[in-house]
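Here the structure comes first, spelled out in structure tokens, and everything after it is commentary.
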């Protein structure tokens with residue numbers, strides 16, 4: 001019996017019943033639904049199909065509801081903005097702006113806590129800015145690495161406290177949906193402290209949910225507080241995408257091993273996620289480095305490996 005479980009993300013290229021049946025008969029153990037994308041109606045249809053197909057083949061497939069959480073994003077930009085090294089840009093706490101050289105960033109808590117010397121990463125770290133001026137109404141930054149910035153691109157602020165609640169209003173609506181549909185696991189995004197877990201569990205209990213909680217470790221603060229977080233959760237996910245922007249990339253493999261070891265010691269589930277077989281979004285075969293990555297995760301005794309874009313958008317499931 002295979003001990004390491006397989007979690008796959010369901011998306012545009014895998015949500016139709018025919019593909020779901022292929023995935024289930026090939027041996028997936030858990031389906032991840034990314035609530036940052038899609039409608040509740042679309043998710044409900046996928047859940048119904050998974051359960052129908054699972055029952056047909058006498059295979060239990062768990063469902064992981066991955067909440068969007070307090071993901072930082074830019075606001076609306078009428079046109080993409082090309083940034084070059086040395087350019088000076090401003091960010092303002094607004095949903096949108098037509099002011100030249102200004103990016104909308106509707107996250108007031110970031111403006112309260114950021115200071116000159118902090119870095120801003122946009123679009124998964126593609127664009128890097130250095131903050132030179134900061135106030136509650138405006139921050140000014142110099143571009144250090146170039147790229148194209150467009151509406152709603154993700155933003156990372158390493159070392160900057162974000163003091164918003166771990167659950168957004170959309171998350172709370174999604175949690176109620178999860179209760180109504182008997183979700184097995186809830187993935188709690190951008191966990192920082194044990195208090196985040198207690199806050200989420202309080203909402204789950206109030207909603208009558210029996211779902212288990214998986215803390216997604218995507219920020220340095222969450223890694224630093226793992227010893228207090230671990231007793232409060234049912235499992236952890238090493239979410240290497242945002243984590244690799246929030247902390248130096250070269251530290252991620254070591255931290256991954258440390259987190260899995262701590263989870264094993266505590267008897268908690270551990271999941272390794274992000275770019276496990278990234279090349280297979282377009283290629284029918286993985287690279288040797290990817291095979292080594294998956295193998296090392298298994299040898300470290302993680303409980304599950306997770307595929308993201310590989311199955312959500314790729315063509316080689």
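The values are calculated or read from the model by the stated rules, or taken from the named source; none is laboratory data. Treat the numbers as computed from the prediction; the structure is a model and nothing was measured. Cβ atoms come from the backbone with ideal geometry, glycine included; neighbour counts cover every protein chain shown.
Filter the stretch 298-312 for residues that are outside any helix (DSSP H, G or I) and either buried (at least 20 other Cβ atoms within 10 Å of the Cβ) or at negative phi (or both) and give the result. Lay out the reasoning, then the answer.
Narrowing the stretch 298-312 to residues outside any helix (DSSP H, G or I): 300-308.
If the condition is that a residue be outside any helix (DSSP H, G or I) and either buried (at least 20 other Cβ atoms within 10 Å of the Cβ) or at negative phi (or both), then 300, 302, 303, 304, 305, 306, 307, 308 are the ones that fit.
Does residue 117 satisfy the criteria of being more than 19 Å from the chain's Cα centre (by Cα) and not in a strand (DSSP E or B)? For residue 117, the condition - more than 19 Å from the chain's Cα centre (by Cα) and not in a strand (DSSP E or B) - is met.
Look through the stretch 121-134, keep the residues that are free of Cβ contacts under 8 Å to residues at least 60 places away in the same chain and surrounded by 18 or more Cβ atoms within 10 Å (Cβ to Cβ), and return whichever of them is nearest to residue 186 (Cα to Cα).
Here the residue is 122.
Residues that are buried (at least 17 other Cβ atoms within 10 Å of the Cβ), in contact with a helix residue (DSSP H, G or I) (Cβ under 9 Å, 6 or more places away or on another chain) and over 30 Å from residue 179 (Cβ atoms) do occur in the stretch 100-119, at least one of them. Scanning the stretch 213-246 for residues that are surrounded by fewer than 17 Cβ atoms within 10 Å (Cβ to Cβ) and not in a helix (DSSP H, G or I) yields one hit, 234.
Quick check on my filter: what residues within the stretch 57-78 are over 25 Å from the mean Cα position of the chain (by Cα) and either in contact (Cβ under 8 Å) with a residue 24 or more places away in the chain or part of a strand (DSSP E or B) (or both)?
Residues satisfying the conditions are 57, 59.
Inside the stretch 272-297, residues that are outside any helix (DSSP H, G or I) and in contact with a helix residue (DSSP H, G or I) (Cβ under 9 Å, 6 or more places away or on another chain) make up a count of 9.
Of all residues in the stretch 32-46, those satisfying the criterion of being more than 15 Å from the chain's Cα centre (by Cα) and surrounded by 20 or more Cβ atoms within 10 Å (Cβ to Cβ) are 43, 46. The listed residues are 140, 149, and the only one of them that is at pLDDT 95 or above and outside the structural domain of residue 247 (by TED's automatic domain parsing) turns out to be 140.
From the residues in the stretch 13-31 that are part of a loop (DSSP other than H, G, I, E, B) and either touching a strand residue (DSSP E or B) at 6+ places or on another chain (Cβ under 9 Å) or without any contact (Cβ under 8 Å) to a residue 12 or more places away in the chain (or both), which one is surrounded by the most Cβ atoms within 10 Å (Cβ to Cβ)? Out of the qualifying residues, it is 28.
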